[in-house]
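Report on one structure; see the data block that follows.
The values are calculated or read from the model by the stated rules, or taken from the named source; none is laboratory data. Remember, predicted model here, so these are calculated numbers, not experimental data. Cβ atoms come from the backbone with ideal geometry, glycine included; neighbour counts cover every protein chain shown.
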């Protein structure tokens, strides 16, 4: 007779020495893990709730401007430095790690309408006073000394004034300026799009579509096809230019004008437009007949937009005093940020590490936000990171469960925005109902519904 | 890439020093293959066994969104991979189960006594066999989920808890009133006792914490550890659920089946099984006022019930005063899987499943253990006896210790522990139930357990309903029934069976009949407004008028029809084709 019984010894299952972790045993047999699915679901729900509990997106308010902030720029070579331009012609360079102003320049007589960093630690600013100015933006920002970081004394560490390195004069007010990705060239927008060399005082190229005398609002260089430019104008158009041919190539006319424009950081054909009609649109420039996606959630004109450097999503700022975060290809916003004192948002910018978002608003404050609301700042313990990753995965896996989805999607908005959204939905519903009624009473085959995407572009011109 | 693939080659079966081929893979996949696997589709010769599986989810028409469909499909594939990976991981389990194995033809495992076993096995395990004499009456026992602590309650009110690993007594109290049942709550620090009138909760030191005055005259207690629910049933016939984390009574269900003294829980779906006086077994969930299943299991009162946890709660064993033991399959309650009459004298008895699927049955002073392989084999023979043990007095409770080969038996003169080799699961999962749980570990588990607490409304017979897609709502379409009074007379007579229709004959040429039927069944496409009297009049009037245009069209149609028929005849060979040519006029008619 063979006889064998289980033998257990505590010495194998307990830590060998004091301070050692307790040995763990694993057995994946499902009969030892009852309710695996139900427990995982409960954990996912808890994870979703915890994510909302920890959602504190606001990081800091960067003060210094007297007038509203209408433009922001990040330095492609440095993580911690951003520039902001305000309505009274002042430019401030902010140092984000210390949240201090490192340089304050009274640059222009009018509103600073455009701001961009060059590849040599200089900053270009343009204004409605018909000038573009090149400024020194080095300012020893990489080595801020400890003594300088004193919140009580905002003054001494700030370098003031100084003369511009170079001034470029134009005939009309400038609305936007953007620097070339690698070469020492930049483009400006006034009544036409002009290409400038940093070393020359006259533009090297003037481009406009036909003989259009309309104002150009924004101009942006493509990030990967670096000789392609795009602009938007007050004539409700978006226009594409090629520097190599020196011509405006094609343009589209929309129902309302686009306030801002942003090229995808990695995909050269993808472009984002922030429109006056409360929506954002992504276009594939190879097919300008209709947008690839409409992004609807804002309840007022969208004033600014910027792609995340990862290219997965983007941020938009609106006249309705909110910022919204979006995923590419998902028509509803992922998150919405608002502040009690934040006014109309005119400029938004991702930082180069995609962890933070900057917003400039009418109230003269540059705000720093987290790009993921529940992120924890500072060093993460290994165990904490593991548990965060586990929770994220759970949320993703169970996001279709109704309870989880509800927790994930629900946001409390200021009453004005909420009621504006409600009103907008009502109006849209009424419009749809009216359309439907009209269709029902027309002869069959005549009142075909038109897809929302087909309504965006009115005309495509070459 | 070509060079890379040819160098990688198909993975060869590994050779072992003893010359045997083993079926399992001991090493991971080839590093080279793994490095390119993410970017390429591998040729068949390189494919790992996992890749033989279907890649997609069977098309689910309930899901309209393509994106969701693809996500579900991906999850389905991942799940299948996980099952395979889990099978692979079984190799890593360190311990093998114990057992008794007969070597000769004449040896019988049930002849082996406890003394023989104690002599053969290690000292440590042999020491866990004990006989403790107590004078508290019939003892009820309960282990904690990790099998480390034991609680006993004597009929006359002697209650004690032990740390069985160290052999320490934690709490010992004399209640001086009847104690009918005892159960630990989520861990050993709290236990509930069903006393003469109410249920009381005590802490690890035996200090009374709560008196649950809503549980009156309770016979049996169960604790659902993942839901934190204490369940009681008693002479009043009410099944009561109380949440022990919040203190709320969740629900009280009236069974309407009289006093109840037999209860067990299904550890895999938290369904409570009750055995009643007239031989029925009922299954309860807290969200339904009626039992989800009610079956007439025995011809006398039920005395013992137990659910097998090894098979994920699939099998239920029941014993009744009709002196039979039955095993039921939860997938098909219509017929029991096995039924037999144990040879022990008397009737009734209690049953209990071990962690590896052995069934213990006790009646009178005898405890029998049956081997799992003969319990579920589906034939009508009684299962083979695996072990048998005799006790000094009548038994009142049998409980297997989790993760050990030990069966604790409570009886009228104390309790004993019996060694049953092969009863316990050898490899516990320390994230689920840790045998050597430290103080910190226990605290952590308590907090995590509360965070992961399942809601009472998640209890259902099928635990996988969570996260699965709800079945599409069925909208039965039926034509509005015409009331009997409005039917035509023939119809009414037909329904009443008063027609004198000729009997249908069995005819050989069935084909013709069906053709005939199909001709008559042809639907008439009547159009509304077609036969208004004015229109009918006009149509009739039109018949007399010979319109030259209509006549021409009719003639043309007739000519076409004739030509087509001729063509058809030619193609079928019935008509000679008309020969054209100069000599055709000489053709004979």
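Run down B:270, B:297, B:317, B:306 and say which single residue is modelled with pLDDT of 95 or more, on the phi > 0 side of the Ramachandran plot and buried (at least 18 other Cβ atoms within 10 Å of the Cβ). Explain how you work it out, then say what you get.
Values: B:297 fails: on the phi > 0 side of the Ramachandran plot; B:317 fails: on the phi > 0 side of the Ramachandran plot; B:306 fails: on the phi > 0 side of the Ramachandran plot.
Just a single option satisfies the conditions, and that option is B:270.
What are the residues in segment B:370-427 that are surrounded by 19 or more Cβ atoms within 10 Å (Cβ to Cβ) and part of a helix (DSSP H, G or I), if any?
Within segment B:370-427, B:372, B:375 meet the criteria.
Condition check ((1) assigned to a helix (DSSP H, G or I); (2) at the interface with chain A (Cβ under 9 Å from one of its Cβ atoms); (3) farther than 16 Å from residue A:397 by Cα; (4) under 23 Å from the mean Cα position of the chain (by Cα)) across all residues:
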{"residue": "B:68", "(1), (2), (3), (4)": "yes, yes, no, no"}
{"residue": "B:74", "(1), (2), (3), (4)": "yes, no, no, no"}
{"residue": "B:77", "(1), (2), (3), (4)": "yes, no, no, yes"}
{"residue": "B:83", "(1), (2), (3), (4)": "yes, no, yes, yes"}
{"residue": "B:89", "(1), (2), (3), (4)": "yes, yes, yes, no"}
{"residue": "B:96", "(1), (2), (3), (4)": "no, yes, yes, no"}
{"residue": "B:103", "(1), (2), (3), (4)": "no, yes, yes, no"}
{"residue": "B:106", "(1), (2), (3), (4)": "no, no, yes, no"}
{"residue": "B:110", "(1), (2), (3), (4)": "yes, no, yes, no"}
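Is it fair to say residue B:278 is free of Cβ contacts under 8 Å to residues at least 24 places away in the same chain, at negative phi and not assigned by TED's automatic domain parsing to the domain that holds residue B:341? Even if it seems obvious, please write down each step before you answer.
Details: free of Cβ contacts under 8 Å to residues at least 24 places away in the same chain: yes; at negative phi: yes; not assigned by TED's automatic domain parsing to the domain that holds residue B:341: yes.
For residue B:278, the condition - free of Cβ contacts under 8 Å to residues at least 24 places away in the same chain, at negative phi and not assigned by TED's automatic domain parsing to the domain that holds residue B:341 - is met.
On the given criteria, is residue B:239 modelled with pLDDT of 95 or more, assigned to a strand (DSSP E or B) and surrounded by 21 or more Cβ atoms within 10 Å (Cβ to Cβ)?
Values: modelled with pLDDT of 95 or more: yes; assigned to a strand (DSSP E or B): yes; surrounded by 21 or more Cβ atoms within 10 Å (Cβ to Cβ): yes.
Yes, satisfied.
Determine which single condition residue A:53 fails, assuming it passes every other condition in (1) within 10 Å of another protein chain (Cβ to nearest Cβ); (2) closer than 30 Å to residue A:393 by Cα; (3) surrounded by fewer than 18 Cβ atoms within 10 Å (Cβ to Cβ).
(1)
Mind checking which residues of segment A:56-79 are farther than 30 Å from residue A:396 by Cβ and over 17 Å from the mean Cα position of the chain (by Cα)?
Step one: of segment A:56-79, the residues farther than 30 Å from residue A:396 by Cβ are A:61-73, A:75-78.
Selection gives A:61, A:62, A:63, A:64, A:65, A:66, A:67, A:68, A:77, A:78.
Restricting attention to segment A:404-413, does a residue exist that is touching a strand residue (DSSP E or B) at 6+ places or on another chain (Cβ under 8 Å) and either within 30 Å of residue A:285 (Cα to Cα) or not in a loop (DSSP other than H, G, I, E, B) (or both)? Give the steps one after another, and end with the answer.
So the first thing to find is which residues in segment A:404-413 are touching a strand residue (DSSP E or B) at 6+ places or on another chain (Cβ under 8 Å), and the list is A:411, A:413.
Then drop every residue that is not either within 30 Å of residue A:285 (Cα to Cα) or not in a loop (DSSP other than H, G, I, E, B) (or both), which leaves none.
No - not one qualifying residue is present in segment A:404-413.
For the subset of segment B:219-236 comprising residues that are touching a helix residue (DSSP H, G or I) at 6+ places or on another chain (Cβ under 9 Å) and not in a strand (DSSP E or B), which member is farthest from the other protein chains (Cβ to nearest Cβ)?
If we take residues in segment B:219-236 being touching a helix residue (DSSP H, G or I) at 6+ places or on another chain (Cβ under 9 Å) and not in a strand (DSSP E or B), then B:228 is farthest from the other protein chains (Cβ to nearest Cβ).
Report, by residue number, each residue of segment A:1-42 that is facing chain B (nearest Cβ under 7 Å), more than 19 Å from residue B:95 (Cβ to Cβ), out of contact with any helix residue (DSSP H, G or I) (no Cβ under 7 Å at 6 or more places or on another chain) and assigned to a loop (DSSP other than H, G, I, E, B).
A:1, A:34
Hey, among the residues in segment A:388-402 that are part of a helix (DSSP H, G or I) and within 11 Å of chain B (Cβ to nearest Cβ), which one's nearest to residue B:71 (Cα to Cα)?
Per the stated criteria, the residue is A:397.
Can you tell me which residue is farthest from the other protein chains (Cβ to nearest Cβ) among those in segment B:112-142 that are under 30 Å from residue B:177 (Cβ atoms) and buried (at least 16 other Cβ atoms within 10 Å of the Cβ)? Even if it seems obvious, please write down each step before you answer.
Going through segment B:112-142, the residues under 30 Å from residue B:177 (Cβ atoms) turn out to be B:130-142.
Checking the rest, the ones that are also buried (at least 16 other Cβ atoms within 10 Å of the Cβ) come to B:134, B:136-142.
Numbers: B:134: 26, B:136: 29, B:137: 31, B:138: 28, B:139: 24, B:140: 24, B:141: 20, B:142: 18 Å.
Restricting to residues being under 30 Å from residue B:177 (Cβ atoms) and buried (at least 16 other Cβ atoms within 10 Å of the Cβ), the top hit is B:137.
Return a yes/no flag: does segment A:335-351 have any residue that is more than 25 Å from residue A:297 (Cβ to Cβ) and in a loop (DSSP other than H, G, I, E, B).
Within segment A:335-351, the first condition is being more than 25 Å from residue A:297 (Cβ to Cβ), and the residues that meet it are none.
Looking through segment A:335-351, none of the residues is more than 25 Å from residue A:297 (Cβ to Cβ) and in a loop (DSSP other than H, G, I, E, B).
Looking at (1) touching a residue at least 40 places away in the same chain (Cβ under 8 Å); (2) surrounded by 20 or more Cβ atoms within 10 Å (Cβ to Cβ), which is the only condition residue B:218 fails?
(1)
Does residue B:471 satisfy being within 20 Å of the chain's Cα centre (by Cα), more than 10 Å from chain A (Cβ to nearest Cβ) and either farther than 20 Å from residue B:286 by Cα or at pLDDT 95 or above (or both)?
Working: within 20 Å of the chain's Cα centre (by Cα): yes; more than 10 Å from chain A (Cβ to nearest Cβ): yes; either farther than 20 Å from residue B:286 by Cα or at pLDDT 95 or above (or both): yes.
The answer is yes for residue B:471.
Might you check whether a residue that is more than 14 Å from chain A (Cβ to nearest Cβ), out of contact with any strand residue (DSSP E or B) (no Cβ under 7 Å at 6 or more places or on another chain), modelled with pLDDT of 80 or more and assigned to a loop (DSSP other than H, G, I, E, B) occurs anywhere in segment B:484-493?
yes
Which residues, counting only those in segment B:395-437, are more than 30 Å from the chain's Cα centre (by Cα), closer than 20 Å to residue A:3 by Cα and more than 9 Å from chain A (Cβ to nearest Cβ)?
Matches in segment B:395-437: B:417, B:418.
Hey, can you tell me all the residues within segment A:102-123 that are in a strand (DSSP E or B), more than 21 Å from the chain's Cα centre (by Cα) and surrounded by 23 or more Cβ atoms within 10 Å (Cβ to Cβ)? Spell out the reasoning first.
Taking segment A:102-123 as the starting set, the residues that turn out to be in a strand (DSSP E or B) are A:102-106, A:112-117, A:122-123.
Imposing the further condition that a residue be more than 21 Å from the chain's Cα centre (by Cα) reduces the set to A:102-106, A:122.
Answer for segment A:102-123, where residues must be in a strand (DSSP E or B), more than 21 Å from the chain's Cα centre (by Cα) and surrounded by 23 or more Cβ atoms within 10 Å (Cβ to Cβ): A:103, A:105.
Which ones in segment B:162-174 are part of a loop (DSSP other than H, G, I, E, B) and either at pLDDT 95 or above or in contact with a helix residue (DSSP H, G or I) (Cβ under 8 Å, 6 or more places away or on another chain) (or both)? Break it down stepwise before answering.
In the first step, residues of segment B:162-174 are kept if they are part of a loop (DSSP other than H, G, I, E, B); the result is B:164-167.
Selection gives B:165 alone.
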